[in-house]
């Protein structure tokens, strides 16, 4: 009955009647497990109507009412699209916390698993139709673990049910498009909090997507963004690992300026900000998504901050002691700004240094010691003191016995 009623939605004379019919069917299907597929599709249709009317908040609320991951009859393909729509509407609404919660329901590996499952189903269907299909078409994309699992399944004495899934809605984009869409949504999310390293990793994953990695016209702008975002990311072990990995990428051979930028950040040499800004000014202006808009100026300041951090780390590696005046000259910064940047790095434990403000000297060879180290040092000194006292006590008693002297008062 519900399926029959759904066919009348597109025949509604106007939008008001159509909306009322969808809302009625939505109420009827609510809480009924045997029409959960129709419930999910009706919810999506209603949310789309609200969104087209400019009611983003209502559309997001409608979509959030459905925990689509619990719907057993809905295909994984359709579930991924539904969750992506939930994330997109939350981002449009500005609810970034809920968008993060919903995005964690998606495992990035699911996209590849669905592609393999669909390919396997297509090959099985072709075999049943009597077509000559080589098993190698399926096996060449399988990992060793997947091959072992398939072999175990063939040899098993009991066959387990795979479950029943409704056919995927034909209006939903193919899986490769959903994969690209997912990473673009995550870029939107991470851009809100300026998590440059995560944005860089999203663009790296986009480069490996089907339809992008084979086309230089598509991966070239993505590779440029990867380079800029890893340069913008704060200095930390993961960032350094990614930085050296990207600098060795063969695709950078076609991007000489970006390869030069990676070389500057991976070489222990001071980078002059004015020189870098002049050399890469045109490239920065071309990247309107990164250095344009409301966050453009902030990101330019962040890039300058990364250059200063790099320079301080280089100076710390080569100098044991340096005056604040000389340090300011090397960084091309005034004394007060030099001290501020150095203090920030010391506080974040990226640089080990002590500043002698009256003498105007910076000592870079002071090791940053934590509370555990100080406690261990204190315990060691106490043990040494007790051992010395014990030894002294033993020697005193030895001398007293040798000279037959009483130690009692």
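Quick note: the coordinates plus some simple rules give every number you see, no bench work behind them. Remember, it's a predicted structure, so these values are computed and weren't measured experimentally. Virtual Cβ from ideal backbone geometry, glycine too; neighbours counted across all protein chains shown.
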For helix 256-266, report the angle its Cα long axis makes with the longest principal axis of the Cα atoms of the chain; keep it between 0 and 90° and round to the nearest 10°. 40
By average Cβ neighbour count within 10 Å, what is the ranking of 73-81, 395-403, 32-40 from highest down? 73-81, 32-40, 395-403
Pairs of Cα atoms under 8 Å, at least six residues apart: use those to get the relative contact order of the chain, whole percent. 8
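Determine, from the Cβ-Cβ distance of residue 166 and residue 379 and an R0 of 56 Å, the FRET efficiency 1/(1 + (r/R0)^6), rounded to the nearest 0.05.
0.25
Pulled fully out, how much extra length does the chain show between residue 298 and residue 32, if you take 0.36 nm times their separation in residues and subtract their Cα-Cα distance?
90.7 nm
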Given [x] 112, 67, 50; [y] 63, 46, 32; [z] 80, 56, 39 as possible values of Cα extents along the principal axes in Å, the one from the coordinates is [x]
Out of every Cα-Cα pair in segment 198-337, what percent are more than 26 Å apart? 27
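Among 182, 190, what is the fewest-to-most ranking by other Cβ atoms within 10 Å?
Fewest-to-most Cβ neighbours within 10 Å comes out as 190, 182.
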Based only on other Cβ atoms within 10 Å, what is the fewest-to-most ordering of 228, 378, 273, 219? 378, 273, 219, 228
For labels at residue 266 and residue 314 in the simple 7 Å Cα→Cβ model, what's the distance in nm? 1.6
Given Cα pairs under 8 Å that are at least 6 residues apart, what percent is the relative contact order of segment 227-327? 31
Report the calculated FRET efficiency for residue 20 and residue 108 (r = Cβ-Cβ distance, R0 = 45 Å), to the nearest 0.05. 0.70
Euclidean distance between Cα centres, segment 313-329 to segment 330-367, Å: 8
Return one number: the angle in degrees, 0 to 90 and rounded to the nearest 10, between the long axis of the Cα atoms of helix 36-52 and the longest principal axis of the Cα atoms of the chain. 80
Residue 11 and residue 387 label points (each 7 Å along its Cα→Cβ direction) are spaced in nm at 9.5
